[in-house]
Amino acid sequence: MAGFSLVDLLVALSIGAVMSSTILQAVCSEGRASIGMSRLLRERAIQQRTLALIQNDLARTTRISSDPQREQHACGLSGRLPLLHLTTAAGPITYSVGAAPSGIWRGQVLMRCGPAFGLQGEPSLGSQSQNRVILDGLASAPQPWDGCSRLRSEEHT
């Protein structure tokens, strides 16, 4: 009776194991790439929303401070560096960067201190200012505000 020898079965098993491990490795690699891509897309969406918020605040601005550090801020900054101070009809708005207010955030944060928003997405006139994190994880990202703070320090020397 003709059949497969033990050597034939071992060779077939080895080839199958190599092919299976190669396919499994490719699937795992694809999964990691897709997780990385979804994280990138999520962070881009957050950055775009942050930029839209800043653009909307700038559109409502009546005055932009040339020296945000010397302005009177509506919220405590807790040692964060004020980057942008705007005067609006709803009240002053300060964007600051620095340490996170609690451990739930990743690294440094960009915070907005300004009037609360109403149900229609517009700042509520006469509302109390709120200090809110709008972007976190800045410690691992390039820090464009470094150039701003260097320019300000050069202006004062």
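How tilted is helix 145-155 with respect to the longest principal axis of the chain? Cα atoms for both, answer in degrees (0 to 90, nearest 10).
Approximately 30 degrees, to the nearest ten.
When the Cα atoms of region 2-54 are enclosed in a convex hull and the volume is divided per residue, what value in Å³ results?
40 Å³
Which angle between 0 and 90 degrees, to the nearest 10, do you get for helix 6-59 versus the longest principal axis of the chain when only C-alpha atoms count?
With rounding to tens, the tilt is 10 degrees.
In the chain, carbon and sulfur make up what percent of the accessible area (probe 1.4 Å)?
Carbon and sulfur: 60 percent of the exposed surface of the chain.
Using a Gaussian network model of the chain with C-alpha springs under 10 Å, which one of Gly126, Gly114, Gly91 is most mobile by mean-square fluctuation?
Checking each option, the largest mean-square fluctuation is seen for Gly126.
Taking the solvent-accessible surface of protein heavy atoms with a 1.4 Å probe, what is the per residue accessible area of the chain in Å²?
Ligands and nucleic acids excluded, the figure is 69 Å² per residue.
Using every Cα-Cα pair within the chain, state what percent have a distance larger than 26 Å.
Cα-Cα pairs in the chain separated by more than 26 Å: 47 percent.
Quick one: putting +1 on the C-beta of Lys and Arg, -1 on the C-beta of Asp and Glu, what dipole do you get for the chain around its Cα centre, in Debye to the nearest 20?
Dipole about the Cα centre, nearest 20: 300 debye.
Quote the relative contact order of the chain in percent (integer), defining contacts as alpha-carbon pairs under 8 Å separated by 6+ residues.
Worked out over the chain, it gives 15 percent.
The values are calculated or read from the model by the stated rules, or taken from the named source; none is laboratory data. Keep in mind that what you see is a predicted model, and the values were worked out from it rather than measured. Because the Cβ atoms are built from the backbone with ideal geometry, glycine has one as well, and the counts that use them run over all protein chains shown. What goes into the accessible areas is simple: the full protein's heavy atoms, side chains included, and nothing from ligands, DNA or RNA. Shrake-Rupley method; radii C 1.70, N 1.55, O 1.52, S 1.80 Å.
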